[in-house]
Amino acid sequence: MTLALPQHDPAPRRDSARRPAAGGSPGPDGGPGARPSRPRVLSIAGTDPTGGAGIQADLKSFAAHGAYGMAVTTALVAQNTHGVRSVHVPGPAFLREQLDAVSDDVEIDAVKIGMVADEANAREIGAWLDALAAARTDTGRARPWVVLDPVMVATSGHRLLDAGAEQAVRDLAARADVVTPNLPELAVLAGHDVATTWDDALAQATSYAATSGAVVLLKGGHLTGETSPDALVVPAAVPGASPSVTTFDAPRVDTPHTHGTGCSLSAALAALRPQRTGWEEAARDAKEWLTGALRSGAALQVGTGRGPVDHLHATSPVLPR
Ligand SMILES: Nc1ncnc2c1ncn2[C@@H]1O[C@H](COP(=O)(O)OP(=O)(O)OP(=O)(O)O)[C@@H](O)[C@H]1O
Ligand SMILES: [Mg+2]
């Protein structure tokens, strides 16, 4: 299968510098000059051994969207559908070894960054992104799309990162194309109280997008009501795009099984962007897919707590004939 990846534009404009390297002319067999058959997408995140969140969820989300998934671990997390038991952080030196092992070898089309775990890790990821962008510019290639899921606040409301790490995540947001905060995370990023209405949330997202220069995919999962809207907020600072707010409405699925929805959505966005013409198209498709995954989550019967969504709800398995 050959996907219609966007053509590479080596012109050194800021917007084109953010386009994925799409390879050369199409070729049937993956030989020299052939375009890759799938976007190569990297998750940088923590783990979830029960598979509903973190890199395990990201890899399923990538596969469900036809991407080739790769993963670099920031932290090993002992967690299940009831919560986190403990976290082991191997540290920034080994994190960098993992990142370099991938980027020294593989042309990465998109990156999804999730839980960074601490300030040192966040700064190492920033340094790696800068080195990758510089290397790509030197060789006239475009840098990967970057989606940042700024995991900072647990569902309980507990702040997961200290002040230094929160600032490091803000600095990472400046390097990302799209940031996908939930409402408590948006409040931390924007320096406000947590929004309690969709209109307040939109106002915060618009002001944060304007000051940070990043596109924001605002997530409404933490509100209540018949629907669970998300919105893509594009500020004036994004080259080649007009400032806009696009709302994606979706019915709120009546289910307790929402573990990993944020990870899965941001991973879908990263996997889809190289295969779509813009963030709006990618976000629309990711949201529709996630709503289906939420609807099918209960039937998985994974765990006795807040279970995962079904990443493969729209994917046919390979079965023996
Ligand atoms: N019950 C639901 N029905 C439909 N969509 C939902 C529901 N809960 C969350 N979502 C959607 O899931 C996505 C993640 O939203 P949410 O605000 O829960 O993010 P999050 O808190 O970062 O998630 P996580 O807890 O996985 O980190 C959004 O697209 C949101 O609209
Ligand atoms: Mg989240």
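The values are calculated or read from the model by the stated rules, or taken from the named source; none is laboratory data. Everything quoted here is computed from the prediction, not taken from an experiment. Here the Cβ positions follow ideal geometry from the backbone for every residue, glycine too, while neighbour counts run over all protein chains shown.
Out of the residues in the stretch 82-95 meeting the condition of being more than 21 Å from the chain's Cα centre (by Cα) and more than 13 Å from Thr47 (Cα to Cα), tell me which one is surrounded by the most Cβ atoms within 10 Å (Cβ to Cβ).
This residue is Gly91.
Would you tally the residues in the stretch 233-258 being touching an Asp or Glu at 6+ places or on another chain (Cβ under 8 Å) and either closer than 17 Å to Thr155 by Cβ or within 16 Å of ligand 2 (Cβ to nearest atom) (or both)?
So the count comes out to 1.
Just to verify a result, which residue in the stretch 156-177, among those that are among the charged types (D, E, K, R) and farther than 22 Å from Gln275 by Cα, is nearest to ligand 1 (Cβ to nearest atom)?
Of everything passing the filter in the stretch 156-177, Arg159 is nearest to ligand 1 (Cβ to nearest atom).
Taking the stretch 178-214, which residues are within 12 Å of ligand 1 (Cβ to nearest atom), assigned to a loop (DSSP other than H, G, I, E, B) and charged (D, E, K, R)?
none
Do you know which of the residues in the stretch 131-155 that are assigned to a helix (DSSP H, G or I) and without any contact (Cβ under 8 Å) to a residue 60 or more places away in the chain is nearest to ligand 1 (Cβ to nearest atom)?
Applying the filter and picking the extreme gives Leu132.
Quick one: Ala203 ticks every box in (1) more than 14 Å from ligand 2 (Cβ to nearest atom); (2) at pLDDT below 95 except a single one, so which number is it?
Ala203 satisfies every listed condition except (2).
Determine whether the stretch 211-232 contains at least one residue that is within 16 Å of ligand 2 (Cβ to nearest atom) and among the basic types (Lys, Arg).
Within the stretch 211-232 (the criterion being within 16 Å of ligand 2 (Cβ to nearest atom) and among the basic types (Lys, Arg)), the answer is yes, since at least one residue qualifies.
Could you list, in sequence order, all residues of the stretch 143-161 that are within 17 Å of Gln79 (Cβ to Cβ) and crowded, with 23+ Cβ neighbours inside 10 Å?
Those that are within 17 Å of Gln79 (Cβ to Cβ) and crowded, with 23+ Cβ neighbours inside 10 Å: Asp149, Val151.
Matching residues to (1) among the aliphatic types (A, V, I, L, M); (2) modelled with pLDDT of 95 or more; (3) more than 21 Å from Val238 (Cα to Cα):
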| residue | (1), (2), (3) |
| --- | --- |
| Ala122 | yes, yes, yes |
| Ile125 | yes, yes, yes |
| Asp130 | no, yes, no |
| Trp145 | no, yes, no |
| Val153 | yes, no, yes |
| Gly157 | no, no, yes |
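Can you pull out the residues in the stretch 177-198 that are in contact with a Gly (Cβ under 8 Å, 6 or more places away or on another chain) and either closer than 16 Å to Val147 by Cα or free of Cβ contacts under 8 Å to residues at least 24 places away in the same chain (or both)?
Thr180, Asn182
Of the residues Pro243, Pro251, Pro229, which is over 20 Å from the mean Cα position of the chain (by Cα) and modelled with pLDDT of 95 or more?
When all the criteria are applied, what remains is Pro251.
With the structure loaded, tell me whether Val111 is modelled with pLDDT of 95 or more, within 16 Å of ligand 1 (Cβ to nearest atom) and not in a helix (DSSP H, G or I) or whether it fails that test. Break it down into steps so the answer makes sense when it comes.
Details: modelled with pLDDT of 95 or more: yes; within 16 Å of ligand 1 (Cβ to nearest atom): no; not in a helix (DSSP H, G or I): yes.
In short, no.
Take the stretch 290-309 and flag every residue that is in contact (Cβ under 8 Å) with a residue 12 or more places away in the chain, over 21 Å from Gly83 (Cβ atoms) and either surrounded by fewer than 22 Cβ atoms within 10 Å (Cβ to Cβ) or of a type in the set (Val, Ile, Thr) (or both).
Correct list: Thr291, Gly292, Arg295, Ser296.
Mind checking which pairs have a first residue in the stretch 205-226 that is of a type in the set (Phe, Trp, Tyr) and a second that is within 13 Å of ligand 2 (Cβ to nearest atom) and modelled with pLDDT of 95 or more, Cβ under 7 Å, 6 or more apart or different chains?
Filtered contacts from the stretch 205-226: Tyr208/Leu186.
Considering (1) under 19 Å from the mean Cα position of the chain (by Cα); (2) assigned to a loop (DSSP other than H, G, I, E, B); (3) among the aliphatic types (A, V, I, L, M), say which one Met70 fails and leave the rest.
(2)
So which residues in the stretch 178-188 are under 22 Å from Gly278 (Cβ atoms) and away from ligand 2 (no atom under 12 Å from the Cβ)?
Val178 - this is the single residue of the stretch 178-188 that is under 22 Å from Gly278 (Cβ atoms) and away from ligand 2 (no atom under 12 Å from the Cβ).
Just to verify a result, which residue in the stretch 215-269, among those that are charged (D, E, K, R), within 9 Å of ligand 1 (Cβ to nearest atom) and in a loop (DSSP other than H, G, I, E, B), is surrounded by the fewest Cβ atoms within 10 Å (Cβ to Cβ)?
Among those residues, the one meeting the criterion is Asp254.
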